[in-house]
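Comments concern the structure below.
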Amino acid sequence: MNVFASRREGLRFAVATAAVLAAFGGLVLLVRAHLPFLTNGAEMRAFVARFGVLAPLVFVAIQALQVVVAPIPGQVTGFVSGYLFGAIMGTVYSLVGLTIGSFVAFWLSRRFGRPFVEQVIHEDLLGTFDAFVAEAGLLGLFVVFLVPGPPDDAICFLAGLTDIDLWKLVVVAFVGRTPAYLLVNLSGASVAENDLVVAALVVAVLAIAGLWGTLNRDRILEYLQTR
């Protein structure tokens, strides 16, 4: 059975996919070469703060960008937003950027298919989460976004390959990420206010939750696949 109506359509799709992969690869190299602060909280904080009243927009753009081309632990960006904008507004800006970035990741994988995702996702992650994402449905994806540990940014690309409505994927990613990002923004805001006791307690809670999620990842995935 032919997927495309004609060879010309198939060729056009292949060319478009190759162009997107090339552009994506170039963007990744550009970010790593010229925006190394994406993996350093102190450097990112200094960079964003330079933009004054435009700092929230710059941060939202960085947050969206890191989901798509430079996935890093959310603790880095969440801490920075809390430090700069406070616990509440920092959480808002973090989630807005994450939602935009997640939507782009969902859309790219849905538009350009599995060959694109295989170029973006590391082989180990692809093997671990491929079957899970395909079988677990919305509940499983919600738990992945909720529990610290699994690489939720990378899973956005795999989730885009499912037949779940795009808006449902965006909502699940948003709601599932909210508790952890609220806590990590609270830690950043606490450091900014020199309330180091609260910051230490929040970081400890996140670290314990993240360690538990990492150690029990396979067990969680197996349980959700049987539901």
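Values in this text are rule-based calculations from the coordinates and carry no lab data. Since we're looking at a predicted model, the values are computed, not measured. Reconstructed Cβ throughout: ideal geometry from the backbone, glycine too, with neighbour counts over all protein chains shown.
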- Message: One residue is enough: does the stretch 137-155 have a residue meeting the conditions free of Cβ contacts under 8 Å to residues at least 24 places away in the same chain and touching a helix residue (DSSP H, G or I) at 6+ places or on another chain (Cβ under 9 Å)?
- Response: no
- Turns out the helices (runs of 4 or more DSSP H) fully within the stretch 134-226 with at least 1 residues that are surrounded by fewer than 16 Cβ atoms within 10 Å (Cβ to Cβ) and among the aliphatic types (A, V, I, L, M) are 166-192, 196-215
- Message: Residues to consider are Val117, Val96, Val143; find the one that is closer than 14 Å to Ala61 by Cα and hydrophobic (A, V, I, L, M, F, W, C).
- Response: Val96
